[in-house]
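What follows is one structure encoded as structure tokens, with my remarks underneath.
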Amino acid sequence: MAQPALIPADLDSLSEDRQRRAELVTGLTAPAAFISPKYFYDVLGSKLFEAICALPEYYPTRTEAAIFAEHRDEIAAAVGQDACLIDLGAGNCAKAASLFAALRPRQYVPVDISAQFLQQSVAGLQRRFPDIPMLPLGMDFSSTLALPAQVQRERRLFFYPGSSLGNFDRDEALVFLRRLRAALPDAAGGVLLGLDLVKPSAVLEAAYDDALGVTAAFNLNALNHINGLLGADFNARDWRHLAFYDEAQQRVEMHLEARRDLIVRWPGGRRTFRQGERIHTENSHKFRADEIADLLAQAGFGDCQMWCDPQRWFAVCHARP
Ligand code: AVI
């Protein structure tokens, strides 16, 4: 089968580029500076995230994989076969590929903001699975979910593993789930989510501040990515990685902290940072099992099934409209 052509669903348009710059400038010039975690994911950032998933401290990936391995048949029975499998934030597509044998999708639609990385991933995958039609989409699905007409409408299964839902704030997560619900035209469709559960803060903080410094590199690489997108002059050496668990908010926060007083410039703008001032780069919310069913119900889903590991560190959930 020929290599599937990647559809740059929105990233290449001029207005998209302008919007991205405006969004970055708004965050960088806010009194408490912030950027969206989507700016972690250029090609290098996606590779660093792959490396994070292999770290001993980063339990989510292997715990989720163990749940899928342990409960594969039950999950396949709940989800059903022959779905149009829409893999949100697909990255290297490895998680979905591990389910192909059990789920036998009729169409595979990997979606990722890092279009170049996705294209590389799908090229190898299509060679391994020549019988599954693949439609890779390079797009930012965090604010809209405009799927092209080639995406089949029947039996859509939105696959959103790895607790990526936790990178939205609570109200944004609800809006996002409602958007998925609205994009499910038939009752045979559904969502299959992986969600990280609340656990001791020492486990969480180690997972987001590993001994090798891979997560630090992942966080700092966002500055290099922003330099490319905005023409800014961030120097990653001027910044320090910070990660901590906020128990009240049930989330790990990642920040970049200025090591000295400095000025960052970009065409048309600048920002002074004092030593110790931070840029908030990510929230990673952790869930209680009872919250998940509530959240899905509020988003308009019924009939939710959940599978956990024995320590109850991570949950895989399937819900139908
Ligand atoms: C992609 N996302 C679910 C990861 C997480 O755990 O929040 C991103 C990540 N950030 C630091 N390590 C991993």
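Tabulated results
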quantity	calculated
Per-region count, the range 7-31, residues part of a loop (DSSP other than H, G, I, E, B) and either basic (Lys, Arg) or at pLDDT 95 or above (or both)	2
Residue 66 being surrounded by fewer than 19 Cβ atoms within 10 Å (Cβ to Cβ) and touching a residue at least 40 places away in the same chain (Cβ under 8 Å)	yes
Residue in the range 104-116 that is under 16 Å from residue 42 (Cα atoms) and assigned to a helix (DSSP H, G or I) present	yes
Checking residue 244 against (1) modelled with pLDDT of 95 or more; (2) in contact with a Leu (Cβ under 7 Å, 6 or more places away or on another chain); (3) surrounded by 14 or more Cβ atoms within 10 Å (Cβ to Cβ), the condition it does not meet	(2)
Condition broken by residue 282, with the remaining ones in (1) over 14 Å from residue 34 (Cβ atoms); (2) within 14 Å of the ligand (Cβ to nearest atom); (3) acidic (Asp, Glu) satisfied	(1)
Tabulated pairs, the range 247-258, first under 17 Å from residue 200 (Cα atoms) and modelled with pLDDT of 95 or more, second in a loop (DSSP other than H, G, I, E, B) and within 13 Å of the ligand (Cβ to nearest atom), C-beta under 6 angstrom, 6+ apart or interchain	250/286; 252/208
All positions within the range 32-44 that are assigned to a helix (DSSP H, G or I) and either of a type in the set (D, E, K, R) or near the ligand (Cβ under 10 Å from one of its atoms) (or both)	37, 38, 40
Of residues in the range 285-318 being more than 19 Å from the chain's Cα centre (by Cα) and among the charged types (D, E, K, R), the one farthest from the ligand (Cβ to nearest atom)	303
Subset of the range 146-199 that is of a type in the set (Lys, Arg) and not in a helix (DSSP H, G or I) - its residue that is surrounded by the fewest Cβ atoms within 10 Å (Cβ to Cβ)	153
Some residue of the range 263-277 being out of contact with any Pro (no Cβ under 6 Å at 6 or more places or on another chain) and either at pLDDT below 95 or under 18 Å from residue 173 (Cβ atoms) (or both)	no
Restricting the range 208-260 to residues that are under 27 Å from residue 20 (Cβ atoms) and among the acidic types (Asp, Glu), the residue that is nearest to the ligand (Cβ to nearest atom)	253
Cβ-Cβ under 7 Å pairs, at least 6 apart or on other chains, the range 74-92 side within 16 Å of the ligand (Cβ to nearest atom), far side in a strand (DSSP E or B) and charged (D, E, K, R)	89/112; 90/112; 91/112
Residues satisfying the stated conditions in the range 259-305, i.e. exposed (fewer than 11 other Cβ atoms within 10 Å of the Cβ) and of a type in the set (A, V, I, L, M)	263
Pick from the range 210-219, criterion in contact with a Leu (Cβ under 7 Å, 6 or more places away or on another chain) and not in a loop (DSSP other than H, G, I, E, B), ranking: nearest to residue 29 (Cα to Cα)	219
Test: residue in the range 130-142 that is assigned to a helix (DSSP H, G or I), away from the ligand (no atom under 16 Å from the Cβ), more than 16 Å from the chain's Cα centre (by Cα) and at pLDDT 95 or above	no
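The values are calculated or read from the model by the stated rules, or taken from the named source; none is laboratory data. Keep in mind the model is a prediction, meaning the values are calculated, not measured. For neighbour counting, all protein chains shown are included, and Cβ atoms are generated from backbone atoms with ideal geometry for every residue, glycine included.
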